[in-house]
Amino acid sequence: ARSPGDTDPDGVPGELEGLHRATRRIAEALTPAEVARQYHPLLSPIGWHLGHCALVERYWLRELCLGEPSDPGQHALYFPEFSAKDSRGQRVPERDALLTHVEREHAHHRALLADPPPALRDHPLMADSYLLHFLHQHHAQHLETIRFVLAQRAHREAPDPHAPATPAPAIPAPETAALPAGRVRVGWDDVRAYDNERPASEVDLAGGRIARHPVTNAEWLAFMADGGYRTNRWWSETGQAWREANAIAAPDAWRRAANGAWVEVTPDGVRPLDPDAPVMGVSWHEAAAFAAWADARLPHEHEWEAAARTGLLNGTGRVWEWCANALFPYPGFRAFPYEGYSVPWFDGRHMIARGGSAWTHDAVRRPSFRNFFEPEVRHAFTGLRLAW
Ligand code: AVJ
Ligand code: FE
């Protein structure tokens with residue numbers, strides 16, 4: 001713990017500035033139309049994410065801590081609960097005006113943090129730099145979401161997905177490890193933890209086995225070659241209805257090149273499908289169907305966390321890994337710093353994803369971090385790992 005006014009030894013303000021620069025560079029490299037475009041019904045335009053992150057900073061630092069009046073127009077546009085997702089693209093300012101606005105806000109916040117007035121410095125939310133960690137991790141998560149959008153943009157430019165099939169390679173049986181059993185510690189009591197990671201507690205695990213690696217592209221090709229997407233017995237009723245309604249037959253990230261080989265679409269562009277790399281771009285429904293086909297299951301998030309803490313998981317940190325369960329409040333949960341961060345998503349429909357993708361910022365990579373998405377989401381760089 002530091003006393004208020006100490007310089008921050010973690011250098012979080014500098015890191016926050018790095019995130020400001022990274023998002024700005026992404027928007028500058030896009031056309032005004034691309035910045036305002038909604039590439040996917042579940043994803044906001046990139047410009048909205050920039051405005052949202054600037055408003056979140058403004059709200060906590062200036063409105064809440066310093067008592068500055070709020071701008072109702074900004075709240076209506078950039079706070080998701082007031083802003084219909086499908087109209088955000090029409091409502092965000094044009095790229096250059098937006099970048100000017102965002103830069104002005106960020107510069108203001110950087111100056112405040114460099115020399116905080118007493119009302120900010122001594123505010124309870126600033127104890128142990130809580131608010132800085134919160135804003136840093138919030139921005140880091142939105143930077144990855146911006147990359148979800150960039151991947152969807154790349155999809156538009158990818159080759160025709162309806163070319164002939166690639167033969168499925170032979171796959172070795174997955175290497176597994178014994179899951180920790182008995183009482184294990186989960187969660188994180190730290191100033192950097194999100195409310196849904198707290199409080200840490202002990203849970204009882206029954207044991208079992210877990211794969212050392214996430215499911216690979218080669219394994220997914222074997223599932224497809226075996227008719228996995230057409231065989232209803234691997235699918236839940238809702239999963240089947242979703243698959244049929246959306247004509248799902250391959251991971252979201254996969255496309256066919258002109259020669260018939262599979263390629264993978266990423267936020268950094270299109271690359272050949274690496275058979276040994278973790279499959280990416282599958283929904284929870286697809287992950288559950290694959291696990292049923294493989295005579296396995298998805299791990300509970302606490303099995304995943306216990307295995308990660310004991311160093312049993314290789315290859316994590318390349319895809320988010322779907323877990324069996326939905327987001328739920330830990331015993332003793334307290335909403336913090338606001339209800340909206342976790343509470344609305346304790347709805348039994350937001351499924352846990354653990355680990356992190358190749359595009360996840362280090363600030364939100366840890367064994368206790370709980371990501372969560374609806375079971376239909378395939379844009380969030382998600383894969384899976386099997387358990388038994
Ligand atoms: C946990 C990634 C689903 O992006 O909506 C960002 C994180 N919460 N701003 C999201 C979040 C508020 C959240 N996810
Ligand atoms: Fe947000």
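Can you pull out every residue in the range 51-79 that is within 16 Å of ligand 2 (Cβ to nearest atom) and either in contact (Cβ under 8 Å) with a residue 60 or more places away in the chain or closer than 20 Å to residue 116 by Cβ (or both)? 52, 53, 54, 55, 56, 57, 58, 59, 60, 61, 63, 64, listed by residue number. Of note, residue 94 satisfies the criterion of being charged (D, E, K, R) and more than 16 Å from ligand 1 (Cβ to nearest atom). A Cβ distance below 9 Å, combined with a sequence gap of six or more or placement on separate chains, defines the contacts here; from the range 368-382, residues that are closer than 13 Å to residue 357 by Cβ reach residues that are within 16 Å of ligand 2 (Cβ to nearest atom) and in a strand (DSSP E or B) in the pairs 379/43; 379/373; 380/371; 380/373; 382/371; 382/373.
The residue list 322, 234, 304 contains one member that is surrounded by 18 or more Cβ atoms within 10 Å (Cβ to Cβ) and out of contact with any helix residue (DSSP H, G or I) (no Cβ under 8 Å at 6 or more places or on another chain), which is 304. May I ask you to list the residues in the range 52-65 that are within 13 Å of ligand 1 (Cβ to nearest atom) and either modelled with pLDDT under 95 or not aliphatic (A, V, I, L, M) (or both)? Across the range 52-65, the qualifying residues are 52, 53, 57, 59, 60. Among residues of the range 253-272 that are touching a residue at least 60 places away in the same chain (Cβ under 8 Å), those with a beta-carbon under 8 Å from a residue that is surrounded by fewer than 19 Cβ atoms within 10 Å (Cβ to Cβ) and polar (S, T, N, Q) at least six positions away or on a different chain give the pairs 260/166; 261/166; 262/166. For the range 174-187, the count of residues that are small (Gly, Ala, Ser), under 30 Å from residue 106 (Cβ atoms) and either at pLDDT 95 or above or buried (at least 20 other Cβ atoms within 10 Å of the Cβ) (or both) is zero. Pick out the one residue from 41, 45, 80 that is within 16 Å of residue 26 (Cα to Cα) and under 21 Å from the mean Cα position of the chain (by Cα). Within the list 41, 45, 80, the selection yields 45. Under the condition of being acidic (Asp, Glu) and modelled with pLDDT under 95, the residues counted in the range 87-119 number 1.
Taking residue 90 as the residue in question, decide whether it is part of a helix (DSSP H, G or I) and within 30 Å of residue 376 (Cα to Cα).
Against the criterion (part of a helix (DSSP H, G or I) and within 30 Å of residue 376 (Cα to Cα)), residue 90 qualifies.
Would you call residue 112 within 15 Å of ligand 1 (Cβ to nearest atom) and either more than 30 Å from residue 283 (Cα to Cα) or in a helix (DSSP H, G or I) (or both)? Answer is no for this residue.
Residues that are within 16 Å of ligand 2 (Cβ to nearest atom), within 14 Å of residue 50 (Cα to Cα) and hydrophobic (A, V, I, L, M, F, W, C) within the range 96-147 comprise 102, 135, 140, 143, 146, listed in sequence order. Exactly one residue out of 71, 86 is over 16 Å from residue 338 (Cβ atoms), of a type in the set (D, E, K, R) and within 23 Å of the chain's Cα centre (by Cα), and it is 86.
Here residue 137 meets the list (1) surrounded by fewer than 15 Cβ atoms within 10 Å (Cβ to Cβ); (2) under 19 Å from the mean Cα position of the chain (by Cα) almost entirely, failing just condition (1). A Cβ distance below 6 Å, combined with a sequence gap of six or more or placement on separate chains, defines the contacts here; from the range 124-144, residues that are over 15 Å from residue 20 (Cα atoms) reach residues that are more than 16 Å from ligand 1 (Cβ to nearest atom) and among the small types (Gly, Ala, Ser) in the pairs 128/1.
Tell me, please, whether a residue that is in contact with a Pro (Cβ under 6 Å, 6 or more places away or on another chain) and closer than 27 Å to residue 187 by Cα can be found in the range 255-278. Yes: the range 255-278 contains one or more residues that are in contact with a Pro (Cβ under 6 Å, 6 or more places away or on another chain) and closer than 27 Å to residue 187 by Cα. There is at least one residue in the range 354-361 that is within 13 Å of residue 301 (Cβ to Cβ) and either touching a Lys or Arg at 6+ places or on another chain (Cβ under 9 Å) or within 15 Å of ligand 1 (Cβ to nearest atom) (or both).
The values are calculated or read from the model by the stated rules, or taken from the named source; none is laboratory data. Quantities reported herein were computed from a predicted structural model and do not represent experimental measurements. Neighbour counts are summed over all protein chains in view; Cβ atoms, including those assigned to glycine, are modelled from backbone coordinates with ideal geometry.
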